[in-house]
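To keep things clear, I will list the structure first and then write my remarks on it.
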Amino acid sequence: MKFLVEIDRRGANDAVFYDCDNPDFEEYITGKGFVTAHGSFSDISVIAPTLDVAAVNLSSGYYNAHRLHEYIVRSELEHTIQKVCEIVAESTREDVPRYEFDTRSYLSGDLCGYDRFLWPDEVAIPADLPEEYREIYEELLAVYAADQLDEIRALYGDQILWQMYRDEFGSPFFDR
């Protein structure tokens, strides 16, 4: 077994490596069009270190997981499946190495821009976020990563957070 691939990540082109710190494997996967993202847990985050093999969790085109309005964009899922089929076919070649699991150290440096691993409830609320949006932002961290929320805010302004809350949780924030 040269590596593990799981298809169980939200979005269209995320690649989550969890505690696996194998830059060669990450480069191999991102070279297929996926973008390194951060996640908190998946089956492979336990299996990979046990088997000592690198692993990645790839996007499956789902959105709003475990919410009233959960859905899958079939074309995104099919795109990931096609890429994984190509990766699996390539893995049979002798020039594709076995990628070992190397444990990421959260104590010895930077984790993709963070000083240490941050659980969602430890993410700092942006200093520029107006007071009336702070609680909504915190609630949305259950569904989105902070960098996703900040990117959406940059594109559409803070007021988009109200709509996102309604879309995710089925009612306006002020009706809870």
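The values are calculated or read from the model by the stated rules, or taken from the named source; none is laboratory data. As the structure is a computational prediction, the values presented were derived from the model and not from experiment. A quick note on method: Cβ atoms are made from the backbone with ideal geometry, for glycine too, and the neighbour counts reach across all protein chains shown. Areas reflect the complete protein model, heavy atoms only, side chains present, ligands, DNA and RNA absent. Shrake-Rupley method; radii C 1.70, N 1.55, O 1.52, S 1.80 Å.
Does the range 164-175 contain any residue that is surrounded by fewer than 16 Cβ atoms within 10 Å (Cβ to Cβ), among the aromatic types (Phe, Trp, Tyr), assigned to a helix (DSSP H, G or I) and at pLDDT below 80? Within the range 164-175, one or more residues are surrounded by fewer than 16 Cβ atoms within 10 Å (Cβ to Cβ), among the aromatic types (Phe, Trp, Tyr), assigned to a helix (DSSP H, G or I) and at pLDDT below 80. Of all residues in the range 27-41, at least one satisfies being at pLDDT 90 or above and open to solvent by 80 Å² or more (accessible area, probe 1.4 Å).
Looking only at the range 65-98, residues that are among the small types (Gly, Ala, Ser) and closer than 14 Å to Asp14 by Cα come to 0 in all. Restricting attention to the range 60-76, the residues that are of a type outside the set (Ser, Thr, Tyr) and open to solvent by less than 50 Å² (accessible area, probe 1.4 Å) total 5. Yes or no: Glu100 outside any helix (DSSP H, G or I) and modelled with pLDDT of 80 or more? Yes, satisfied. The residue of the range 4-26 that is surrounded by the most Cβ atoms within 10 Å (Cβ to Cβ), among those that are in contact with a strand residue (DSSP E or B) (Cβ under 9 Å, 6 or more places away or on another chain) and farther than 14 Å from Ser45 by Cβ, is Phe25. In the set Glu78, Glu70, Glu94, Glu122, which member is at pLDDT below 95 and either farther than 22 Å from Asp19 by Cβ or over 20 Å from the mean Cα position of the chain (by Cα) (or both)? From the options Glu78, Glu70, Glu94, Glu122, the qualifying one is Glu70.
Residues are listed down the side, and each one gets a yes or a no for (1) farther than 17 Å from Ser91 by Cα; (2) of a type in the set (Asp, Glu):
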site	(1), (2)
Ala15	yes, no
Asp19	yes, yes
Pro23	yes, no
Gly39	yes, no
Ser42	yes, no
Val56	no, no
Tyr62	yes, no
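Within the range 140-158, the set of residues being surrounded by 12 or more Cβ atoms within 10 Å (Cβ to Cβ) and modelled with pLDDT of 85 or more comprises Leu140, Leu149, Asp150, Glu151, Ile152, Arg153, Tyr156, Asp158.
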